[in-house]
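The values are calculated or read from the model by the stated rules, or taken from the named source; none is laboratory data. These numbers were taken from a predicted model, which means no experiment stands behind them. Don't worry about glycine lacking a Cβ; one is built from the backbone with ideal geometry, like all the others, and counts go over all protein chains shown.
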Amino acid sequence: MHAAHFAGRAHKNQQRKGIDAEPYVNHLLEVAELVAAAETPGDVEVVSAALLHDCVEDVGVTEAQLVAEFGERVASLVMAVTDDKSLSKDRRKWLQIEHAPHLPRDAKLIKIADKTSNLRALVRTPPTGWTRERLHHYVVWARAVVDACGPVDPVLERLFDEAHALAEATYGRVDADRDDIP
Ligand code: ZN
C-alpha cells in the first residue's frame, strides 16, 4: 500500500493517452493486479515494483529515492523495466526486445503485465492522434517483446494472448486506402 500511495502521488498529474484521459494510477494498479494473479505470483516486492514501474521513466523519481523508500530489490526491478530516455524512441523500442530475454523472471512478469494492460487500454480507448498504422505497430511490437521474454508464467501469458487477440482483431489490419495513414 505504501507503493500504491507513493505511485498515486508521483503520477497525480498524469493521465492515460486515451480519449477518456483515465487517471494514470489505474494502469499501475492493473499491472500490479496482473502480477499478483500469475500462476506463480510476484511476492510483495514484485507487486510493489509493478506499482512503481513507470515512475522513473515518466515522472522523474530517482533510483536513489526508490532504494531509500522500498529497498534495493524493488529499485532494481523498476530499473530493469525502465527505458533509457536519452535514446531515440525507435532505439528504446528495439532495446526492449533485445533486453527482454535477459531480464530476471520477476521483471518479466511486470513487462508482460504492462504490455497486457497497454493493449487492453488501446482497444478500450485508443490514444488520441494515433494513426491506425501506429496502433497496428504497437500491437506487433508488444507481441515481439512478450515473445522475447520466453516462457514465464502460463496465466500471465494467457491473459496477454487474450488482450493481444482483441487488439489484433481491432488494429491488426492496416487498410491501404485509409487516409489517416501518413
Ligand atoms: Zn506501464
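At a glance:
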| quantity | calculated |
| --- | --- |
| Residues of region 141-155 satisfying the condition of being surrounded by 15 or more Cβ atoms within 10 Å (Cβ to Cβ) and either closer than 22 Å to GLU22 by Cβ or modelled with pLDDT under 95 (or both) | TRP141, ALA142 |
| Failed item in (1) in contact with a helix residue (DSSP H, G or I) (Cβ under 8 Å, 6 or more places away or on another chain); (2) away from the ligand (no atom under 13 Å from the Cβ); (3) over 10 Å from ALA113 (Cβ atoms), with GLY42 passing the rest | (3) |
| Any hit, region 120-127, residues being modelled with pLDDT of 95 or more, surrounded by 13 or more Cβ atoms within 10 Å (Cβ to Cβ), out of contact with any His (no Cβ under 9 Å at 6 or more places or on another chain) and not charged (D, E, K, R) | no |
| Qualifying residue in region 151-160 (condition: under 23 Å from ALA75 (Cα atoms), within 16 Å of the ligand (Cβ to nearest atom) and not basic (Lys, Arg)) | yes |
| Qualifying residue in region 82-97 (condition: within 23 Å of GLU22 (Cα to Cα) and more than 13 Å from the ligand (Cβ to nearest atom)) | no |
| Odd one out for GLU57 among (1) more than 13 Å from the ligand (Cβ to nearest atom); (2) within 17 Å of the chain's Cα centre (by Cα) | (1) |
| Helices (runs of 4 or more DSSP H) contained in region 1-103 and holding at least 1 residues more than 21 Å from ARG143 (Cα to Cα) | 2-10, 24-36, 44-51, 55-59, 63-70, 72-80 |
